[in-house]
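Chemist: First the structure, which I've put down as structure tokens, then a few questions once you've had a look.
The values are calculated or read from the model by the stated rules, or taken from the named source; none is laboratory data. These numbers were taken from a predicted model, which means no experiment stands behind them. Cβ sites come from the backbone with ideal geometry, for glycine too, and all protein chains shown count toward neighbours.
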Amino acid sequence: MKIITLIGSPHGLKGNTAKLTQIVLEGAESEGATSEIISLTGKNILPCKGCDMCHKKGICPQDDEFESIKKKIIEADCLILASPNYIFSVSAQMKAFMDRCCGVLHCLGFEGKYGASIVTSGGGDEEPIADYMNHFLIITGVRPVGSVWAAMGNIGEIFPDEIRTNALNLGKKLVLSCKNKITCEETETRINKFKDRMRYLMQWKKQEWTFEYEYWKKHHNLE
């Protein structure tokens, strides 16, 4: 089982977000998963230009690493998103990735995968950001199993036992949920509701968004 983890921190693999992520992955690897961490530097994923080519052709024309990262996610079993709290939201690096996934969410292109979210902050307000990232996972077709966060200003540089345990358990839960295809009624309802919304959108824009319309015909039984 393969996990792709995206870390949207300007501190890369040396920051607190990466440190908390490593504990989650430790739990996942204890259940037999393998993992790859991708640091979103701000240069490997550029901002979306709103050109609509992903809808029309299925590929973004920008010269960066988005398409190769998207391919790795599609080939993996699970996706973890990790971001610091930057002004009550995800970092610019993580937001750039999310915005570039417009075509992915139109097609629920990560459908069938499982996921989780990780947030760190200086002083709090992590839960809404974790919920936001998990919502993003849902509208791309991923089934999130939960989240973990830490307010570093309250704990110093060492994660207390409670947070460490929560992080380890989240990693284990992610792998076991994926292995056993565990579903949650609320998540399934949200995925299906968004899928119905996108189905209508595909029918409305079928003349313009040719790639996505054909994708829906092939993968989602669109008439």
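Chemist: Restricting attention to the stretch 166-175, report how many residues are within 20 Å of Ala76 (Cα to Cα) and surrounded by fewer than 20 Cβ atoms within 10 Å (Cβ to Cβ). Break it down stepwise before answering.
Modeler: Step one: filter the stretch 166-175 for residues within 20 Å of Ala76 (Cα to Cα), giving 170-175.
Applying the additional criterion that residues be surrounded by fewer than 20 Cβ atoms within 10 Å (Cβ to Cβ) yields 172-173.
Summing the residues that are within 20 Å of Ala76 (Cα to Cα) and surrounded by fewer than 20 Cβ atoms within 10 Å (Cβ to Cβ) in the stretch 166-175 gives 2.
Chemist: With respect to Ile118, determine if the residue is in contact with a Leu (Cβ under 6 Å, 6 or more places away or on another chain), farther than 19 Å from Thr183 by Cα and either at pLDDT 95 or above or part of a loop (DSSP other than H, G, I, E, B) (or both).
Modeler: Yes.
Chemist: Among what's in the stretch 119-133 and is surrounded by 24 or more Cβ atoms within 10 Å (Cβ to Cβ) and touching a helix residue (DSSP H, G or I) at 6+ places or on another chain (Cβ under 9 Å), pick the residue that is farthest from Ile87 (Cα to Cα).
Modeler: Met133
Chemist: Here are the criteria: (1) charged (D, E, K, R); (2) surrounded by 14 or more Cβ atoms within 10 Å (Cβ to Cβ); (3) under 26 Å from Gly124 (Cα atoms); (4) modelled with pLDDT under 95. Tell me which single one Lys206 does not satisfy.
Modeler: Every condition holds for Lys206 apart from (3).
Chemist: Same structure, new question: Which of the residues belonging to the stretch 163-193 are in a helix (DSSP H, G or I) and either of a type in the set (Lys, Arg) or modelled with pLDDT under 95 (or both)?
Modeler: Within the stretch 163-193, the subset in a helix (DSSP H, G or I) is 163-180, 185-193.
Answer for the stretch 163-193, where residues must be in a helix (DSSP H, G or I) and either of a type in the set (Lys, Arg) or modelled with pLDDT under 95 (or both): Ile163, Arg164, Lys172, Lys173, Lys179, Arg190, Lys193.
Chemist: All but one of (1) over 30 Å from Leu168 (Cβ atoms); (2) touching a Ser or Thr at 6+ places or on another chain (Cβ under 9 Å); (3) among the basic types (Lys, Arg) hold for Lys19, so report the exception by its number.
Modeler: It fails just one condition, (1).
Chemist: Another one. State which residue is surrounded by the most Cβ atoms within 10 Å (Cβ to Cβ) when the search covers only the stretch 134-162 and only residues that are part of a loop (DSSP other than H, G, I, E, B) and of a type in the set (Gly, Ala, Ser).
Modeler: Only one residue tops the list, namely Gly141.
Chemist: Here is a further query. Scan the stretch 176-185 and give yes if some residue there is in contact with a helix residue (DSSP H, G or I) (Cβ under 7 Å, 6 or more places away or on another chain), surrounded by 13 or more Cβ atoms within 10 Å (Cβ to Cβ) and within 26 Å of Ser30 (Cα to Cα), otherwise no.
Modeler: For the stretch 176-185, residues in contact with a helix residue (DSSP H, G or I) (Cβ under 7 Å, 6 or more places away or on another chain), surrounded by 13 or more Cβ atoms within 10 Å (Cβ to Cβ) and within 26 Å of Ser30 (Cα to Cα): absent.
Chemist: Assess whether Val104 counts as being within 18 Å of Lys172 (Cβ to Cβ) and not in a loop (DSSP other than H, G, I, E, B).
Modeler: So Val104 fails the test.
Chemist: Scan the stretch 209-223 for residues that are closer than 22 Å to Arg143 by Cα and surrounded by 17 or more Cβ atoms within 10 Å (Cβ to Cβ) and jot them down.
Modeler: Hits for the stretch 209-223 are Glu212, Tyr215, Trp216.
Chemist: Condition first: among the polar types (S, T, N, Q), over 28 Å from Glu31 (Cα atoms) and touching a residue at least 24 places away in the same chain (Cβ under 8 Å). Can you find one or more residues in the stretch 196-203 that meet it?
Modeler: No, the stretch 196-203 contains no residue that is among the polar types (S, T, N, Q), over 28 Å from Glu31 (Cα atoms) and touching a residue at least 24 places away in the same chain (Cβ under 8 Å).
Chemist: Where the second residue is part of a helix (DSSP H, G or I) and the first is of a type in the set (Phe, Trp, Tyr) and lies in the stretch 57-70, which pairs have Cβ atoms under 6 Å and are six or more apart or on separate chains?
Modeler: As it stands, the answer is Phe66/Arg100, since those pairs meet every condition given.
Chemist: Looking at Ala116, Ala82, Ala151, Ala130, can you tell me which residue is free of Cβ contacts under 8 Å to residues at least 60 places away in the same chain, more than 25 Å from Lys218 (Cβ to Cβ) and under 12 Å from the mean Cα position of the chain (by Cα)?
Modeler: The unique qualifying residue is Ala130.
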